[in-house]
Amino acid sequence: QVQLVESGGGLVQAGGSLRLSCAASGSISTFASVRWYRQAPGKQRALVAAIFSGGGTTYPPSVKGRFTISRDNAKNTVYLQMNNLKPEDTAIYYCNAWSQEIDSWGQGTQVTVSS
């Protein structure tokens, strides 16, 4: 299995920015998709961004225009740039790499947005 390590979380005021990183132990170019999910206390895990092997991306309406997913194949790292953060963005953020043979998750990184 591929190991994923998230980093970049922290405490930020509303309106601020954070950039999360997801470093993979293997080549991210082999994954059909790499996705960021988040889970707030008492809520289900929800998708916040995905990037596909062809470079396409998708976002739910709640983060579209504020979050940007990107990747650096040379560094085997996927990023999530989060701008104009809101208190409702507070959650643990998880990275997921998926293909027909792989479904790997990182340990998560906490993002807390204060009002």
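The values are calculated or read from the model by the stated rules, or taken from the named source; none is laboratory data. Values in this document were obtained by computation on a predicted structure and should not be read as measured data. Note that we place each Cβ from the backbone using ideal geometry, even for glycine, and neighbour counts take in every protein chain shown. The accessibility values were calculated without ligands, DNA or RNA, using every heavy atom of the protein model including side chains. Shrake-Rupley method; radii C 1.70, N 1.55, O 1.52, S 1.80 Å.
Here are the numbers:
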| item | result |
| --- | --- |
| Net charge of neighbours whose Cβ lies under 12 Å from the Cβ of residue 94, counting Lys and Arg as +1 and Asp and Glu as -1 | +2 |
| Charge context of residue 57, other residues only, Cβ under 15 angstrom, K/R +1, D/E -1 | +3 |
| Cα-projected label distance for residue 86 with residue 11, points at 7 Å along beta-carbon direction, nm | 2.3 nm |
| Distance between modelled label sites at residue 74 and residue 103, nm, 7 Å Cα→Cβ extension | 3.5 nm |
| Straight-distance crosslink candidates among lysines, where the alpha carbon sits under 27 Å from residue 75 and sequence neighbours closer than 8 are dropped | 64 |
| Accessible solvent surface per residue of the chain, calculated while the other protein chains remain in place, 1.4 angstrom probe, Å² | 51 Å² |
| Kirkwood hydrodynamic radius of the chain, from inverse mean 1/r over distinct Cα pairs, in Å | 14.0 Å |
| Fraction of antiparallel bridges per DSSP, the chain only, in percent to nearest 5 | 90 percent |
| Around residue 84: net Lys/Arg minus Asp/Glu count, Cβ-Cβ under 15 Å | +2 |
| Heavy atoms of residue 86 accessible to a 1.4 Å probe, total area in Å² rounded to 10 | 70 Å² |
